[in-house]
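Each remark here refers to the structure printed beneath this line.
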Amino acid sequence: MRTVLDSTILRFRRRVLLQHALRSFQSATLVLAGITVFAVIALRLFDVAVVPGPLWLSALVLPLALGVVMAFRATPRPAAFAAHVDRRGEGMGLLLASLERDPGSWGEDVERRAQVADKALPRVRGGAAALTVFSSAVAVGLLGLLPEIEPSGAPRAGAPAIAQALEAAREELALVKELEILDEQEAAALEQRIEALDQRLVDQEAVGWADLDSLVDAIREANEDAARGHESVRARSAELATKLASQGADERDRWLQQGLAARAQDLGMLEGLPPDVRAALESLARRGGAADGEGAGAASGSAIDPASLDAERLRELARSLADRGKARLDHARQQVAGRVDTRALQQLLDQQGEGLGGSGDPMPAVGEDWNPAEGGSDDDAGSGMPGRGGVSRGRGDATLDHLGATEIDLTGMRAEQLPDGRVPPDQWDLAGIGRAEPEVAPERSRSGAPSAASGVPGAASGRRDLAPRHRAAVRRFFEGDGR
Amino acid sequence: MTETLLDKAQVARGHELLARLRDGMASVVLGQPQLVDLTAIALAARGHVLLEGLPGLGKTELVKALSRLLGLSFRRIQFTPDLLPTDVTGGPVLEEVDGRRRFVFQPGPLFAHCVLADEINRASPKTQAAMLEAMQERSVTVLGESSPLPDPFFVLATQNPIELEGTYPLPEAQLDRFLFKLEVPGVAEDVLTQIVRERRRGAAPDVARAMSEGELHELFAAVDGVFLPEAVARYIARLVAATHAGSPSCPEVIRGRVRHGASPRAAIGIAEAARAAALLAQRPNVDFSDVQAVAIPAIAHRIVLDHAARLDGMTARDVVAQLLEAIDPMGVGLPEGAR
């Protein structure tokens, strides 16, 4: 059977639960409304229009659930409620005790005081919570009054402007395509995108500026790449034209011929060439050498018969150069893989000339990549010295020698025993004889004692190891009347 | 709820006995109602009391009056620096019985119901330590033989807060044995006038025996029957735990000012004293207010203050008073609208 006290405590507990729930619900609603308003406004900055609707009220389930959970977590235990009821009913612990023991003859008192406490129970104050929820709903509802914007992807009033911009992009793409700035595949992809957007405009589907912007950006990027490349070519052309313009026509021809002949001779490839080609190249080389000796103005006239250098012969020359380069490369590989056959190498050199013996970068064979194993000359390989490098591949694979550690000369050192740290008795000085215990560092040990010389009350205490925050208090103590 | 609270008649009887004791003491010690109440409470809770005050304030008179009111055996021990433990506890004496000599234990002055240890801090620590077992176990062990002290056994000690030269402050273990340490304040002018008019040659008025030994045990039974609700017990536990600086419930005002907190013996003592206080207030149960009434005299002498508190001019009583303000009796607060 439930007593008045039980009912009072139960009622009080319900009210406290409800009050806790309302407070938590109120706070959570306020936070939720704030987040909603902020999110809606932030989305509008990104052209996303969100309009609040009645369904949004279902979000109140979240603060409601939070309120219930928090209420049960924060609500005190029944014994605490009994203590609160006891205080409100001025029970002086009697209501509290009667919950745990039979009140016996105190039953009437308990009931009377429980009735007093019941009347004094607090009312649930839901006004603030209701006001908060209402104001939050109004704040969210006001978002619906914001001026409409074109949400992303929806047709908007500016559709003609988009069509105009699309047309401009189409013209620009045509120009880029005509100048062959883009390859055909990229140009076709961009054209497809333009056509797709055009079709969407015709079908009155949503076309946003974002779609158009990405297209225009792609075309502009291609244009900028082309402009940068064009500028570079133009600068190099201007530089070459300036260089050539500073020389005469004959000198230009001689410069070109000498370059070709000297390179062929350096490579030692003249012997394997057809006689007419070889003769032409030797003539060129001789003319180049004569020109070097006589000066630039001595050489004149044509050094090579154009008839002997038709396309077919030049092709043969190229093939011959490639074959010889490949033969050297194969030979070098054999040397690296197996034992070096100097005699065969010498025969090859006798047959094909010095070739790679010159300083600086050796010319790689036509169609082959340079291999570091080929880097050293025969002399280098035979002597075991590191190979020589060049401007394009560093100093070569030089060996690293470890020179070993420096040895210490211990002959100039000797061991010596240091003297004892104690003072020998014959050097003692008698200062006096007393019965008091000797003091270690007497100046330090006396520092805490009051000093007559200081004259300031509490100065000695102030010098002790006191926390800084206590020093003022200690000083006040000694300066005052001692209380 | 099989157990029943003390009925109204039992509470009234217990209150009447306690009030009789209190009124008797109040007739001897004038103008000190709180001192008298707390002394009566301590006796009802079977605790020992340390009275501290200046000379002439009636400490010894209070104890003497108490012994007369209770009609129990009373001994007074004047503690001096040369007092030996056997002077207090008694010791073996060689006696010749039927031609045979043997040691016979001769009880000391401690073997009385009510012992007045006057100026206890003047005795050496060895003699003070002789009181430890007597106060806690209510027995005395000499030469390996334990002798029980009479029941009830009270020690009421006095000490003088001045003239500290040649004294031995009571160690913490000794202080912890006292349920209360009561400070005897001075009296107001009108009370002093009354004392001057009523007392001739300093003689205290004769007080009749207030209760028999049976009634005293009846009072003890009534105190034991006072119910301590769980919420109040938790409050006592929180109070004592909060005196320890390392406790999470220790308030910030206390932390850093207390070096050592109160012991569990303090919590037991507070509960017992609160029961007696409730009976004095005619209640069958302990209330938070009863705990608050006895907390300061029960805790203050058991905590060791840090030098920071001393430099701030705080006493142990101030610290406990702040503790009482800081600790919420209810334990868990209510929301703002429900307070």
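The values are calculated or read from the model by the stated rules, or taken from the named source; none is laboratory data. What you are looking at is a predicted structure, and each value in this text was computed from that prediction instead of being measured. Because the Cβ atoms are built from the backbone with ideal geometry, glycine has one as well, and the counts that use them run over all protein chains shown. What goes into the accessible areas is simple: the full protein's heavy atoms, side chains included, and nothing from ligands, DNA or RNA. Shrake-Rupley method; radii C 1.70, N 1.55, O 1.52, S 1.80 Å.
Brief remarks follow.
- In this structure the amide hydrogen of residue B:259, modeled in the peptide plane, comes within under 5 Å of the amide hydrogens of B:304, B:305, B:306, none closer than 5 places in sequence on its chain.
- Within chain B, helix-based [θ] at 222 nm, where runs of 4 or more DSSP H residues each add -39,500 (n - 2.57), nearest 500: -13500 deg cm²/dmol
- Cα centroid separation, segment B:211-231 to segment B:70-149: 29 Å.
- Using the Cβ-Cβ distance between residue A:14 and residue A:45 with R0 = 45 Å, the FRET efficiency computed as 1/(1 + (r/R0)^6) comes to roughly 0.45.
- Extension gain (nm, one decimal) between residue A:196 and residue A:183, 0.36 nm per residue minus Cα-Cα: 2.7 nm
- Signed unit charges on C-beta, dipole axis of segment A:159-242, positive-most listed residue A:232, A:207, A:179: A:232
- The angle between the Cα long axis of helix B:33-44 and the longest principal axis of the Cα atoms of chain B comes to about 70 degrees, rounded to the nearest 10.
- Principal-axis tilt of helix B:189-198 within chain B, Cα atoms, nearest 10 degrees: 30 degrees
- Just the protein heavy atoms count here, and of the accessible area of segment B:8-81 at 1.4 Å, carbon and sulfur take up 54 percent.
- Accessible-area composition of segment A:159-242, carbon plus sulfur, in percent [1.4 Å probe]: 51 percent
- Heavy atoms of chains A and B lose about 3100 Å² of accessible surface on contact, summed over both sides with a 1.4 Å probe.
- Exposure check, 1.4 Å probe, all protein chains in place: residue B:198 carries approximately 100 Å² of accessible surface.
- Mean Cβ count within 10 Å, highest first, over the residues of peptides B:123-136, A:202-215: B:123-136, A:202-215
- D (Stokes-Einstein, µm²/s), Kirkwood Cα radius, chain B, 0.692 mPa s at 37 °C: 153 µm²/s
- C-alpha long axis of helix B:288-299 to longest principal axis of chain B, angle in °: 50 degrees
- The mean accessible area for residues of chain B, using a 1.4 Å probe and ignoring ligands and nucleic acids, is 45 Å² per residue.
- Ellipsoid equivalent to segment A:25-80 - semi-axes via the Cα gyration tensor, in Å: 34, 11, 6
- Residue A:92 - accessible surface, heavy atoms, 1.4 Å probe, Å² rounded to 10: 80 Å²
- For the segment B:310-317, counting C-beta atoms of other chains within 10 Å of every residue's C-beta and taking the mean gives 2.
- Where Rh is the Kirkwood radius over Cα pairs, Rg/Rh for segment A:159-242: 1.14
- All Cα-Cα separations within segment B:90-199 were binned at 5 Å from zero, giving a P(r) of 2, 9, 16, 17, 15, 12, 10, 8, 5, 3, 2, 1, 1, 0, each value a whole percent of the pairs.
- Remark: segment A:81-128 carries a charge dipole of roughly 380 debye about the Cα centre, counting +1 on each Lys and Arg Cβ and -1 on each Asp and Glu Cβ.
- Surface per residue (accessible, 1.4 Å probe) for segment A:12-115, Å²: 55 Å²
- Accessible area, probe 1.4 Å, largest first, for residues B:37, B:176, A:409: A:409, B:37, B:176
- Sequence of A:411, B:193 when ordered by accessible area, the most exposed leading, probe 1.4 angstrom: A:411, B:193
- Interface residues of segment A:49-92, defined as those with an accessible-area decrease of at least 30 Å² between the chain by itself and the complete set of protein chains (probe 1.4 Å), are A:76, A:77, A:83, A:84, A:87, A:88, A:92.
- Cα-based shape type of segment B:191-339, given that a ≥ b ≥ c are square roots of the gyration tensor eigenvalues and the cut on a/c is 1.5: oblate
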